[in-house]
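Peer 1: I have a structure I would like to understand better, so I am pasting it below and will then ask my questions one at a time.
The values are calculated or read from the model by the stated rules, or taken from the named source; none is laboratory data. Quick caveat, the model's predicted, so the values are computed rather than measured. Don't worry about glycine lacking a Cβ; one is built from the backbone with ideal geometry, like all the others, and counts go over all protein chains shown. Please note that ligands, DNA and RNA were not included when accessible areas were found on the heavy atoms of the full protein model with its side chains. Shrake-Rupley method; radii C 1.70, N 1.55, O 1.52, S 1.80 Å.
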Amino acid sequence: MLGVTGYKNKKALKESVGKPLNYVETSMFGKEFKSTGKNTVVGPCAYTNRKFYATVETENGIIKKVT
C-alpha cells in the first residue's frame, strides 16, 4: 500500500485526475508503485493519519481514475 501526500481527503485526490500522483513507498519489501495500473493508497499520512483509502488507476504516473 502506498501513502499519498498532499491530499487532505479523497475528494482532493479525485480532483487531481490528470496530474502526477504524489506518493510515498511504505513497503519494506520493495517498491509497489505501478506507473501504469492500479495502486491502493492511504492518506493523508500513511504513518500517522489514515483517514481514507482509495484505488488509483495511473498511466505513466498520471492519475486517470480514483475509486
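Peer 1: Residues in region 35-42: is at least one free of Cβ contacts under 8 Å to residues at least 60 places away in the same chain, open to solvent by 60 Å² or more (accessible area, probe 1.4 Å) and either in a loop (DSSP other than H, G, I, E, B) or charged (D, E, K, R) (or both)?
Peer 2: Yes; the residues of region 35-42 include at least one that is free of Cβ contacts under 8 Å to residues at least 60 places away in the same chain, open to solvent by 60 Å² or more (accessible area, probe 1.4 Å) and either in a loop (DSSP other than H, G, I, E, B) or charged (D, E, K, R) (or both).
Peer 1: Restricting attention to region 15-28, and to residues there that are in a loop (DSSP other than H, G, I, E, B) and at pLDDT 95 or above, which single residue is surrounded by the most Cβ atoms within 10 Å (Cβ to Cβ)?
Peer 2: Looking at residues that are in a loop (DSSP other than H, G, I, E, B) and at pLDDT 95 or above, I get L21.
Peer 1: Filter region 24-67 for residues that are within 16 Å of N9 (Cβ to Cβ) and not hydrophobic (A, V, I, L, M, F, W, C) and give the result.
Peer 2: Matches in region 24-67: G43, P44, T48, N49, R50, K51, Y53, T55, T67.
Peer 1: Here's another thing I want to ask about it. Looking at region 1-14 only, could you name the residues that are open to solvent by less than 70 Å² (accessible area, probe 1.4 Å), in contact (Cβ under 8 Å) with a residue 40 or more places away in the chain and not small (G, A, S)?
Peer 2: Correct list: L2, V4, T5, N9, K10, L13.
Peer 1: Go through region 43-67 residue by residue and tally those that are aromatic (F, W, Y), over 11 Å from the mean Cα position of the chain (by Cα) and open to solvent by less than 60 Å² (accessible area, probe 1.4 Å).
Peer 2: Summing the residues that are aromatic (F, W, Y), over 11 Å from the mean Cα position of the chain (by Cα) and open to solvent by less than 60 Å² (accessible area, probe 1.4 Å) in region 43-67 gives 0.
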